2 protein chains.
Amino acid sequence: MTTADARTPASEQNAQNAQDAPNSEAGKSIGWHKGYVQGSRPDLRVPVRQVHLTNGKDVTLYDTSGPYTDPTIDTDVRRGLTPLRENWIISRGDTEEYAGRPGRPEDDGLKHTSPRGGLRNLDAVFPGRPRQPRRSRDGRPVTQLAYARRGDITPEMEYVAIRENVEPEVVREEIAAGRAVMPVNVNHPEIEPMIIGKRFLVKVNANIGNSAVTSSIEEEVDKMTWATKWGADTVMDLSTGRNIHTTREWILRNAPVPIGTVPLYQALEKVDGRAEELTWDVYKDTVIEQAEQGVDYMTVHAGVRLAYVPLTARRKTGIVSRGGSIMAAWCLAHHKESFLYENFEELCEILATYDVTYSLGDGLRPGSIADANDEAQFAELRTLGELNTVAKRFGVQTMIEGPGHVPMHKIKENIDLQQEICEEAPFYTLGPLTTDVAPAYDHITSGIGAAMIAWWGTAMLCYVTPKEHLGLPNRDDVKTGVITYKIAAHAADLAKGHPGAQDWDDALSDARFEFRWEDQFNLALDPDTAREFHDETLPAEPAKTAHFCSMCGPKFCSMKISHDIRREHGDSQAEIEAGMAEKSREFAAAGNRVYLPIAD
Amino acid sequence: MTTADARTPASEQNAQNAQDAPNSEAGKSIGWHKGYVQGSRPDLRVPVRQVHLTNGKDVTLYDTSGPYTDPTIDTDVRRGLTPLRENWIISRGDTEEYAGRPGRPEDDGLKHTSPRGGLRNLDAVFPGRPRQPRRSRDGRPVTQLAYARRGDITPEMEYVAIRENVEPEVVREEIAAGRAVMPVNVNHPEIEPMIIGKRFLVKVNANIGNSAVTSSIEEEVDKMTWATKWGADTVMDLSTGRNIHTTREWILRNAPVPIGTVPLYQALEKVDGRAEELTWDVYKDTVIEQAEQGVDYMTVHAGVRLAYVPLTARRKTGIVSRGGSIMAAWCLAHHKESFLYENFEELCEILATYDVTYSLGDGLRPGSIADANDEAQFAELRTLGELNTVAKRFGVQTMIEGPGHVPMHKIKENIDLQQEICEEAPFYTLGPLTTDVAPAYDHITSGIGAAMIAWWGTAMLCYVTPKEHLGLPNRDDVKTGVITYKIAAHAADLAKGHPGAQDWDDALSDARFEFRWEDQFNLALDPDTAREFHDETLPAEPAKTAHFCSMCGPKFCSMKISHDIRREHGDSQAEIEAGMAEKSREFAAAGNRVYLPIAD
């Protein structure tokens, strides 16, 4: 299969066109398997999900699940994934390996004097893979933005062009213009490149994060692969507390998707949770630590300036962002301008040497309907616009984070203002939640806002799980959050008229119309639950089929009638109308029986 | 409490203002109970849900749950609810009791010759309550539309005015103009009146329906009360098969909300499921049967005209409405114009004599993204506009049903066109579903579309459950569907700027900001699940509270800081800014500890 043949996200094509990897876990027997689209070089193979329909056709879907769903690849969390980008990075010749920052016990949340020395664990975790970090050889930016600006189409750009079914030049242009980002740290060669920008498919981020009590490191890696299995395009590791460095290492070495973090969280751990003890040096050291590990994008709350804190004093819910609250606390404690804002240019220089992408955090986002679109929020947004310009000057890829809690009629102003102020840099929003009254259902309150803001131009959506405001998401919550947000993202792709997006809906609706139940399940965003719900109430006995599903039965239902007419009487309106009279006779002759669907 | 004091949907007020009914099932001990707002006459008392906050205030919420949540009322499904509207109806003097249509075995889906005589069961069900149906004394309309036009403010209008927190005259005007309907059959005196119109709160309908195999009559009544407990404003009984008449009687006698049906389903049962054997006489007889029972609104697919059926021939998914498919089958079998269309005026005369509201069905609604806004759909809509005008001429209250499957960018055209063509008659839509690819999650795919179309003017939303396209909804599915749609409806109320709508969000967000967890739960759309999710991961130990919720901890979190500043330093910007410096010193003195929320 060539690039030109690949249609993303969904296209019907003959199965033999794809390079197939037989999938034992979830292979042809249950209707789909992993395939690859070959790029212009042997080591550029883009994974796809091939759904095999019972009518002999295949549907090709975008695949975020990584090597874990390819049974020909033997994955092992203690070895990590194959660094497929390594040669691309090395062959550019603009980076070098170096000794790197020495690991310290406090990187893992341990005391300076801890006898355990947390980082010694790392050697035990990845014994067969000693690695040195890599950085720009001469301090100049080694970012996809820098390459795009000078006209280079990198293998990474070709890779995402195949994934998105566009020309590589489109990818280069969008990145060069700052309208899209591709978070690909040179120290995360395991990544399968993806792109975030309004001209591309809407992406979904899932947050995970350890807790000393409730989950182990293995569980966090499992949560990451679980999230990508259901379609998460990126994952943010919001771990705090013990083993934070080691957890991140495990996640990065096993992550086929970009990993984002909020370095401020770890920096705060290093000063024992005392915000006022934070310093630029501690923060900078933490950023370098994480950049050397391979973090692809970092949330930086540099827009929370001292002068904006009083603007939140009369809010219904004050400051609700953890990063925002830490920075506000620091500014208050010292009554000084934010050290992130003051040292932003130096931070840009660091990020540019690893190709870490900025996610400029919205620390003053509204935490309630009452606070939406207020002066605090938009004052910060204007500062993010200013910082976006600075970052671009340093060649750093940049996206902008957005709210939050916003009623529907105030959503569009957010994206319009962000696009204007930030020169169309990708917007990355949390929901927004369209009402405050439904804790336990905030995946839905926010899924509504997410679909709308993505339609209007948001490039990536940060998921919200049912546990938002209430507790830590478990495995089921992660899945529910991802599926809900994939719905929002795909609904937006449709509304934006993204080329090929509707092919997926059409394939599923065709299957529905033709009573190909297995195809419906295999094409569904969540085949497991669709099949389970169906089997729960649909007995095998054919006569009951019609009564126990919400679709028409197999014979003489009106969908079937339309279908027969089309098949038998051609496509022109006149032919169809002529066919109607004939159909009327045939229908009467066959007994005039109408099978009933259950819902109207 | 007087009408003027009641603020709907939410207002904080002193508890002693309300007439309280102590609630043993879910009373003060768990934070809320049933209250009533007294109207201008002793028998006009509007139920509300009083949520008691821990700060001593009350929040009053709209209540659909009926007498079932009032422990002072002894309900019994075999006796039915108190007919609270009976005196209002009788005192108008324009209706009369009459013998009514004799019950027949086939009304209950039994053979003509059945020895069991299904309708004898009815006497056994309601032994203490023999009733004769009521109808217009002289054949003139006894509809709220007719009363509104002649300038009368009925007790029903005052009742909904209190519920909606508007002046009764607004209710009268909206009904008189055809922009709102109040489905209140004179034979359903048990109803607590409610109104459907774009100037009022967005309403939610839940569908239920028996199946000979999967549920009993008692289960259907239970499903109805379960749906209204969670907020369903109306319920459609889509039962088919055996005991259809008896099931409906049970539901109506126990329903505090309007009940809708699709008479075509029962008519089809009477001709043994053979669409071509349907006749106007069988249909008309069924409508009278159901009107005499007290059905408040009926879906009538009179817009599926013979000429439109060929327009569906080239669709992706043909005709997906059960009623639409039955009528299309009839038209095809006879190659004749729809008997519903041809006899529409006579149907209007019948409905007007009971005050049954039309819900003009969209039998040709799109069943897939591909078919959205096509010629078949809009041709039918134009006919519905024509029929709406006819219905109004006969004094019949009328609303218009809408789709279906529609991508986001095509939703607004639906409501705009409907409002234009149907002279602003209330729109009543199923979703719409914004993508086809997520069976098992169609409450979410459709909740997105529902929120948007309601914002733009849809008056009532027909819920979709997770089982849509897959099977029959169970109790959990009904709850999930209702909650999802209450979210969509309330999000729309906020976006429309409905007076008082945001009070509910504000009360919950205040509780969140002040760490009043119990108040958050009690104010939540689903207190049970919110509490359960919270308790799942939040240990009792105070130090862990901050780490195990997604809100800031109890001390020195930034929300708390803003809160303290506001309390201590007044409200003016200058005072707050002055306060900041002081706060900075105080914060440092207190140890500068920042408690961390879990998610950012």
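The values are calculated or read from the model by the stated rules, or taken from the named source; none is laboratory data. None of these values were measured; they are calculated from a predicted model. Every residue, glycine as well, gets a Cβ built from its backbone with ideal geometry; the counts of neighbours run over all protein chains shown.
Whether any residue in region B:340-355 is within 13 Å of chain A (Cβ to nearest Cβ), under 20 Å from B:ILE400 (Cα atoms) and crowded, with 24+ Cβ neighbours inside 10 Å is what I want to check. Looking through region B:340-355, none of the residues is within 13 Å of chain A (Cβ to nearest Cβ), under 20 Å from B:ILE400 (Cα atoms) and crowded, with 24+ Cβ neighbours inside 10 Å.
Filtering region A:427-444 to residues that are farther than 17 Å from A:LYS486 by Cβ and not in a strand (DSSP E or B) leaves A:PRO432, A:THR434, A:THR435, A:ASP436, A:VAL437, A:ALA438, A:PRO439, A:ALA440, A:TYR441.
Just one of the listed residues (A:ALA450, A:ALA488) is touching a Cys at 6+ places or on another chain (Cβ under 9 Å) and either part of a helix (DSSP H, G or I) or under 22 Å from B:ALA454 (Cβ atoms) (or both), namely A:ALA450.
Would you say A:ALA4 is of a type in the set (A, V, I, L, M, F, W, C), at pLDDT below 90 and outside any loop (DSSP other than H, G, I, E, B)? For A:ALA4, the condition - of a type in the set (A, V, I, L, M, F, W, C), at pLDDT below 90 and outside any loop (DSSP other than H, G, I, E, B) - is met.
Remark: B:ALA376 falls outside the filter, which requires a residue to be within 13 Å of chain A (Cβ to nearest Cβ), in contact (Cβ under 8 Å) with a residue 24 or more places away in the chain and outside any helix (DSSP H, G or I).
Quick one: which helices (runs of 4 or more DSSP H) lie wholly within region B:80-149 and hold at least 3 residues that are modelled with pLDDT of 90 or more?
Details: elements: B:86-92, B:120-125, B:144-149.
In region B:80-149, B:86-92, B:144-149 are the helices (runs of 4 or more DSSP H) which contain 3 or more residues that are modelled with pLDDT of 90 or more.
When restricted to residues that are of a type outside the set (Lys, Arg) and more than 16 Å from the chain's Cα centre (by Cα), region B:172-208 contains 12.
For the subset of region A:79-92 comprising residues that are out of contact with any Pro (no Cβ under 8 Å at 6 or more places or on another chain) and in contact (Cβ under 8 Å) with a residue 40 or more places away in the chain, which member is surrounded by the fewest Cβ atoms within 10 Å (Cβ to Cβ)? Write out each step before concluding.
So in region A:79-92, the residues out of contact with any Pro (no Cβ under 8 Å at 6 or more places or on another chain) come out as A:79-80, A:87, A:90-92.
Filter once more, keeping what is in contact (Cβ under 8 Å) with a residue 40 or more places away in the chain: A:79-80, A:87, A:92.
On the way: A:ARG79: 15, A:GLY80: 20, A:ASN87: 13, A:ARG92: 15.
Ranking the candidates gives A:ASN87 first.
Considering only region B:465-482, I want to know if a residue exists there that is surrounded by 24 or more Cβ atoms within 10 Å (Cβ to Cβ), of a type in the set (D, E, K, R), out of contact with any Lys or Arg (no Cβ under 9 Å at 6 or more places or on another chain) and at pLDDT 95 or above. Checked against the condition, which is being surrounded by 24 or more Cβ atoms within 10 Å (Cβ to Cβ), of a type in the set (D, E, K, R), out of contact with any Lys or Arg (no Cβ under 9 Å at 6 or more places or on another chain) and at pLDDT 95 or above, region B:465-482 yields no hits at all.
When region B:482-508 is limited to residues that are of a type in the set (Gly, Ala, Ser) and within 19 Å of B:GLY431 (Cβ to Cβ), the one that is farthest from the other protein chains (Cβ to nearest Cβ) turns out to be B:ALA489. Set side by side, the residues B:GLU420, B:GLU401 differ, and just one is in a strand (DSSP E or B) and among the acidic types (Asp, Glu), which is B:GLU401.
With the requirement that a residue be touching a residue at least 40 places away in the same chain (Cβ under 8 Å) and within 14 Å of chain A (Cβ to nearest Cβ), what does region B:241-265 give you? Across region B:241-265, the qualifying residues are B:GLY241, B:ARG242, B:ILE244, B:GLY260, B:VAL262, B:LEU264, B:TYR265.
Residues in region B:442-454 include none that are surrounded by fewer than 24 Cβ atoms within 10 Å (Cβ to Cβ), over 20 Å from A:ARG512 (Cβ atoms) and among the hydrophobic types (A, V, I, L, M, F, W, C). With respect to (1) in contact (Cβ under 8 Å) with a residue 60 or more places away in the chain; (2) within 11 Å of chain A (Cβ to nearest Cβ), the lone exception for B:PHE394 is condition (2). When we screen A:LEU430, A:LEU417 for residues that are in contact with a strand residue (DSSP E or B) (Cβ under 6 Å, 6 or more places away or on another chain) and within 29 Å of A:VAL390 (Cβ to Cβ), the only hit is A:LEU430. Taken as a whole, the structure places A:GLY367 among residues that are assigned to a loop (DSSP other than H, G, I, E, B) and in contact with a strand residue (DSSP E or B) (Cβ under 7 Å, 6 or more places away or on another chain). Screening A:ARG305 on (1) within 22 Å of A:SER136 (Cβ to Cβ); (2) touching a helix residue (DSSP H, G or I) at 6+ places or on another chain (Cβ under 9 Å) shows it passes everything except condition (1).
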